[in-house]
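The values are calculated or read from the model by the stated rules, or taken from the named source; none is laboratory data. Keep in mind that this is a model prediction, so the values were computed, not measured. Glycine also receives a Cβ, built like all others from the backbone with ideal geometry; neighbour counts cover every protein chain displayed. Note: areas computed on protein heavy atoms with side chains; ligands, DNA, RNA excluded. Shrake-Rupley method; radii C 1.70, N 1.55, O 1.52, S 1.80 Å.
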Amino acid sequence: MSLVPIVSTVAAAALGATLIMAGSANAATTLGAAAQQSGRYFGTAVAAGRMGDSTYIGILNREFDMVTAENEMKIDATEPSQGRFTYGNADRIVNHARSQGKRVRGHTLAWHSQQPGWMQSMSGSALRNAMLNHITQVATYYRGKIYAWDVVNEAFADGSSGARRDSNLQRTGNDWIEAAFRAARAADPGAKLCYNDYNTDDWSHAKTQAVYRMVQDFKARGVPIDCVGFQSHFNPQSPVPSNYQTTLQNFANLGVDVQITELDIEGSGSAQAANYERVTRACLAVTRCAGITVWGIRDSDSWRASGTPLLFDSSGNKKAAYTSVLNALNAAGPGPTTTTTTTTTTTTTTSNNPGPGDCTATVSLNQWAEGFVATVKVTAGSSALNGWRVTTTLSNGTVTNSWSANRSGNSGTVNWTNVDYNASVPAGGSTEFGFQGTGSGSGLNPTCAAS
């Protein structure tokens, strides 16, 4: 989250997307379930200090399927004194999310802000080593439990220069961002690694272009980066830009996922609802837009509470903006949509016979013209599983995104293994993982074995 005023002044305009209306009988009734229909997530930022509020936790449990710790995983919270790591409040959030079957975005490993005092006073190689150690320790601690890490947060300057932000981390050397991503990959190889920033929503802005060039360079040189996060804090002075969808699509064209990571839109009534719908439809129109996270649950929970920027009012009631988002997500139906392509869906199921004490793998496939979403259910046989391995065959498609499993390969024979939180499956019980891809997902023919 940025605490810096947002300076974009581009006028708002409607973002178009041709959406396939889902039948009302099948329409999802919560944000997370509606997003899942197109292989996406809908998440929120959570504060540990509010988890005792029954209204707050009730909305969280019901509506959202992705969780981001608002402040509890930042540097000052997890390493308050050098070499002493504390995870209590972060664990409260992570453990609650996992217990509810929700995934977690890790926020954030390296940032110029919210550094503890000991780090603020450091510089040079000592600071570089401390940053890398922090990334390694925290990402290793949560290995297998995090869907995506905001590895580096807000490293570029506002304004027209397109330069990096002048910070103590930047002064350790221009390669510090690359070093941070490489350390994160080594520590948590199964998580997606994201760069996250604000004021990058408008494609014409110098800051947006600078981040784009960095991602382009990283992809060309093999620096491990999987996604770009757009904070997307909007208000009347910084409205949703007319080219917002273009921005998302251009980054996605580099071969990374795009995620709307901290969405809030100040306003009320139909105007606010229309802006939320624009943002949601823009994500739905970009195949590699993995999901949306709003930065808080109720207006009173927001860092911008006076602007009433969220989907629930301070009493926990659904606002018009909530309805507009839910309707847009349901309209998308199964599979990502685009502005030019009609989407169709088929569902098939295949499975293998388990051996004694082994497991079955069953896949439900949503296929459309350009791609698919597959949900794989792993079911234990007569004995409990302490780990599992699934093999799929992807002859005419490529995996672009996956969740709740470790993956080896993107096409052909693809191997999947459990992550930390779904290794244990009781006898006769089941767990699920999923993936999204381009091309055809037919003929996956999953097989399952205990590991």
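Given the residues 130, 180, which is the only one that is closer than 23 Å to residue 260 by Cβ and either open to solvent by less than 10 Å² (accessible area, probe 1.4 Å) or not basic (Lys, Arg) (or both)? Show your work before the answer.
On the way: 130 fails: closer than 23 Å to residue 260 by Cβ.
180 is the lone residue from the list that is closer than 23 Å to residue 260 by Cβ and either open to solvent by less than 10 Å² (accessible area, probe 1.4 Å) or not basic (Lys, Arg) (or both).
Could you check segment 440-451 and list, in sequence order, the residues that are open to solvent by 30 Å² or more (accessible area, probe 1.4 Å) and either farther than 18 Å from residue 391 by Cα or hydrophobic (A, V, I, L, M, F, W, C) (or both)?
Correct list: 450 only.
Only one of these is of a type outside the set (A, V, I, L, M), closer than 22 Å to residue 36 by Cβ and open to solvent by less than 10 Å² (accessible area, probe 1.4 Å): 437, 387. Name it.
Only one candidate qualifies: 437.
Here is a list: 306, 315, 300, 270. Which entry is open to solvent by 40 Å² or more (accessible area, probe 1.4 Å), modelled with pLDDT of 95 or more and part of a loop (DSSP other than H, G, I, E, B)?
315
Test residue 379 against the stated conditions and say whether it is part of a strand (DSSP E or B) and more than 27 Å from residue 188 (Cβ to Cβ). Steps first, please.
Working: part of a strand (DSSP E or B): yes; more than 27 Å from residue 188 (Cβ to Cβ): yes.
Taking the combined requirement at face value, the residue satisfies it.
Output the residues belonging to segment 266-278 that are in contact (Cβ under 8 Å) with a residue 12 or more places away in the chain and farther than 15 Å from residue 297 by Cβ.
266, 267, 268, 269, 270, 272, 273, 274, 275, 277, 278
Among the residues that make up segment 221-241, is at least one of them of a type in the set (Asp, Glu), open to solvent by less than 10 Å² (accessible area, probe 1.4 Å) and closer than 17 Å to residue 287 by Cβ?
Looking only at segment 221-241, we keep the residues that are of a type in the set (Asp, Glu), and these are 226.
Going one step further and asking which of them are open to solvent by less than 10 Å² (accessible area, probe 1.4 Å), we end up with none.
No; the residues of segment 221-241 include none that is of a type in the set (Asp, Glu), open to solvent by less than 10 Å² (accessible area, probe 1.4 Å) and closer than 17 Å to residue 287 by Cβ.
Yes or no: residue 261 in a strand (DSSP E or B) and under 16 Å from residue 322 (Cα atoms)?
Criteria not met by residue 261.
If you take the residues in segment 109-119 that are closer than 24 Å to residue 49 by Cβ and not hydrophobic (A, V, I, L, M, F, W, C), which one is surrounded by the most Cβ atoms within 10 Å (Cβ to Cβ)?
115
Using beta carbons and a limit of 7 Å, which pairs, at least six apart or on different chains, have the first residue in segment 47-75 and more than 14 Å from residue 296 (Cβ to Cβ) and assigned to a helix (DSSP H, G or I) and the second one open to solvent by less than 30 Å² (accessible area, probe 1.4 Å) and at pLDDT 95 or above?
Filtered contacts from segment 47-75: 62/30; 75/111; 75/115; 75/116; 75/119; 75/134.
Just checking, how many residues over segment 413-434 are over 18 Å from residue 381 (Cβ atoms) and open to solvent by 30 Å² or more (accessible area, probe 1.4 Å)?
Count: 4.
Condition first: in a helix (DSSP H, G or I), of a type in the set (Ser, Thr, Tyr) and under 15 Å from residue 247 (Cβ atoms). Now tell me which residues in segment 155-214 satisfy that.
Listed by number, the residues that qualify are 208, 212.
Filter segment 84-95 down to the residues that are open to solvent by 40 Å² or more (accessible area, probe 1.4 Å) and in contact (Cβ under 8 Å) with a residue 12 or more places away in the chain, then identify the one that is farthest from residue 292 (Cα to Cα).
85
I need the helices (runs of 4 or more DSSP H) fully contained in segment 79-152, keeping only those with at least 1 residues that are within 16 Å of the chain's Cα centre (by Cα) and within 18 Å of residue 165 (Cα to Cα).
Once the helices (runs of 4 or more DSSP H) in segment 79-152 are filtered for at least 1 residues that are within 16 Å of the chain's Cα centre (by Cα) and within 18 Å of residue 165 (Cα to Cα), nothing remains.
Let's see how each residue does on (1) within 22 Å of residue 158 (Cα to Cα); (2) in contact with a Leu (Cβ under 6 Å, 6 or more places away or on another chain); (3) of a type in the set (A, V, I, L, M, F, W, C):
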residue	(1), (2), (3)
207	yes, no, no
213	yes, no, no
219	no, yes, no
250	yes, no, no
258	yes, yes, yes
270	no, no, no
276	no, no, no
300	no, no, no
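Given the residues 159, 229, 190, which is the only one that is modelled with pLDDT under 95 and closer than 30 Å to residue 416 by Cβ?
190
Which ones in segment 388-413 are part of a loop (DSSP other than H, G, I, E, B) and on the phi < 0 side of the Ramachandran plot?
Quick first cut of segment 388-413, residues part of a loop (DSSP other than H, G, I, E, B) only: 395-396, 404-405, 409-411.
395, 396, 405, 410, 411, listed by residue number.
Name the single residue, out of those in segment 391-412 being under 24 Å from the mean Cα position of the chain (by Cα) and of a type outside the set (S, T, N, Q), that is surrounded by the fewest Cβ atoms within 10 Å (Cβ to Cβ).
Among them, the one singled out is 409.
Just one of (1) surrounded by fewer than 16 Cβ atoms within 10 Å (Cβ to Cβ); (2) small (Gly, Ala, Ser); (3) within 30 Å of residue 281 (Cα to Cα) trips up residue 106, so point out which.
(1)
So which of 264, 217, 202, 257 ends up being open to solvent by less than 10 Å² (accessible area, probe 1.4 Å) and more than 17 Å from the chain's Cα centre (by Cα)? Working first, answer last.
On the way: 264 fails: more than 17 Å from the chain's Cα centre (by Cα); 217 fails: open to solvent by less than 10 Å² (accessible area, probe 1.4 Å); 257 fails: more than 17 Å from the chain's Cα centre (by Cα).
Within the list 264, 217, 202, 257, the selection yields 202.
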